[in-house]
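The values are calculated or read from the model by the stated rules, or taken from the named source; none is laboratory data. Predicted model only: the values in this text are computed from it and were never measured. Reconstructed Cβ throughout: ideal geometry from the backbone, glycine too, with neighbour counts over all protein chains shown.
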Amino acid sequence: MVDAEQEGSGKTRPDRPMRAAGFQLAQLGAHAAQRFAERISEIGLTPPEVGILRMIAAQPGRSQRSLAEELGVVPSRVVALIDPLDKRGWIERRRSAADRRNHELHLTPEGGKMLAGMAKMAVAHETELFEGLTDAEYEQLSTLLRKLAAERGLTPGVHPGYRTLG
């Protein structure tokens, strides 16, 4: 079996034999996503909700439009993503003082508590997921994954799954 890089160049790469790294990465990613979803369901959150809460907390007062742009979705999709968070009292929309046509997004105190609880679970998740690596190995893996993501134009901190949510 020849990988895409070898196939496209017409050259063989004896220095980089196929090791199924892509499959292993997908396998570990699926496992990590499933385990994380299980953990946060204990506090009533879904992975997309965690992402939205985290993004609002990182930039309080951001507009729904800026959130849509960062997520790579149409603005109407953001409304569907944040409505449940608003109904649960975890975020609030405030009219922008600078532009009354826009809503600014803010975490409520309750939303902040949910995010703090999730953060503890995220630390436990990372610890469990990478417990077989030394600190140096973890740093090396993290650096390599950031490099691969950047080379593919992936937005740091934004799961590409937002684009396909129903």
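From the residues in region 19-57 that are of a type in the set (Lys, Arg) and in contact (Cβ under 8 Å) with a residue 40 or more places away in the chain, which one is farthest from residue 85 (Cα to Cα)? Walk me through how you get there before you give the answer.
Of all residues in region 19-57, those of a type in the set (Lys, Arg) come to 19, 35, 39, 54.
Narrowing the set further to residues that are in contact (Cβ under 8 Å) with a residue 40 or more places away in the chain leaves 35, 39, 54.
Details: 35: 22, 39: 19, 54: 12 Å.
Looking at residues that are of a type in the set (Lys, Arg) and in contact (Cβ under 8 Å) with a residue 40 or more places away in the chain, I get 35.
For region 67-166, the helices (runs of 4 or more DSSP H) that sit wholly inside it and include 1 or more residues that are surrounded by 12 or more Cβ atoms within 10 Å (Cβ to Cβ) and in contact (Cβ under 8 Å) with a residue 60 or more places away in the chain are 75-87, 109-129.
So if I check each of 96, 63, which one is hydroxyl-bearing (Ser, Thr, Tyr) and modelled with pLDDT of 85 or more?
Values: 96 fails: modelled with pLDDT of 85 or more.
Going through 96, 63 in turn, the sole match is 63.
Residue 23 falls short on exactly one of the conditions (1) more than 13 Å from the chain's Cα centre (by Cα); (2) surrounded by 12 or more Cβ atoms within 10 Å (Cβ to Cβ); (3) at pLDDT below 90, and that condition is (2).
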